[in-house]
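These notes are about the structure you will find just below.
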Amino acid sequence: MLTIRKSTSADAVRVIQIWRDAVDATHDFLTREDRIAIEEEVRSFLPAAPLWLAVDRSDQPLGFMLLDGSSMEALFIDPAHRSRGVGRMLVEHALTLLPTLTTDVNEQNAQAVGFYERMGFVRTGRSDRDGQGRPYPLIHLRHAPRG
């Protein structure tokens, strides 16, 4: 049984671990140098960010999401728990809060692109570079309610 709760400072180490493991499992397109630089950036802000966590019965975080305005800025799932509904649960929670949810996804992360499209997101644009100006194209997505 999974539940969703807000993060606390006590979750910082686990959140960074989830981020690192998820990126290492899905972002093989990053150069080694960029991977290191991005982790330094993430370590500087993620532990204090207001995250939503999907936690198991023992309150162990399995994934997290960062919302900012109507945008989902981050969604990362522990690779050991992928394809078990953790990401879906977090996105569905976000949609109850923000029905006009938008997000960006790395174009090279085909699994993530497919996940968001299965969740009802549609492509609204593309950027040649990521938010920090690195050469990793982003696909811009917006949730389009079905029906």
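The values are calculated or read from the model by the stated rules, or taken from the named source; none is laboratory data. These numbers come from a predicted model, not from an experiment. Ideal geometry is used to build each Cβ from the backbone, glycine not excepted, and the neighbour counts take in all protein chains shown. With ligands, DNA and RNA removed, areas are computed over all heavy atoms of the protein, side chains included. Shrake-Rupley method; radii C 1.70, N 1.55, O 1.52, S 1.80 Å.
Scanning the stretch 106-129 for residues that are in a loop (DSSP other than H, G, I, E, B) and either among the acidic types (Asp, Glu) or open to solvent by less than 70 Å² (accessible area, probe 1.4 Å) (or both) gives Glu107, Asn109, Met119, Gly120, Asp128.
Rundown of residues vs (1) touching a Phe, Trp or Tyr at 6+ places or on another chain (Cβ under 9 Å); (2) more than 22 Å from Asp21 (Cβ to Cβ); (3) at pLDDT 95 or above, yes/no style:
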position: Gly63; (1), (2), (3): yes, no, yes
position: Asp68; (1), (2), (3): no, yes, no
position: Ala80; (1), (2), (3): no, no, no
position: Met89; (1), (2), (3): no, no, yes
position: Gln108; (1), (2), (3): yes, no, no
position: Ala112; (1), (2), (3): no, no, no
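Of all residues in the stretch 5-28, those being of a type outside the set (Gly, Ala, Ser) and open to solvent by 40 Å² or more (accessible area, probe 1.4 Å) number 9.
Examine the stretch 130-140 for a residue that is surrounded by fewer than 17 Cβ atoms within 10 Å (Cβ to Cβ), touching a Pro at 6+ places or on another chain (Cβ under 7 Å) and touching a residue at least 12 places away in the same chain (Cβ under 8 Å), and state whether such a residue exists. No, the conditions are met nowhere in the stretch 130-140. Taking the stretch 93-105, which residues are open to solvent by 50 Å² or more (accessible area, probe 1.4 Å) and more than 13 Å from the chain's Cα centre (by Cα)? Scanning the stretch 93-105 gives Thr96, Leu97, Pro99, Thr100. In the stretch 1-99, counting only strands (runs of 3 or more DSSP E) that sit wholly within it, the ones holding 1 or more residues that are under 19 Å from Asn109 (Cα atoms) and touching a residue at least 40 places away in the same chain (Cβ under 8 Å) span 61-68, 71-77. Return yes or no: is Glu40 closer than 19 Å to Ile139 by Cα, open to solvent by 80 Å² or more (accessible area, probe 1.4 Å) and either of a type outside the set (Ser, Thr, Tyr) or out of contact with any Leu (no Cβ under 8 Å at 6 or more places or on another chain) (or both)? In short, no.
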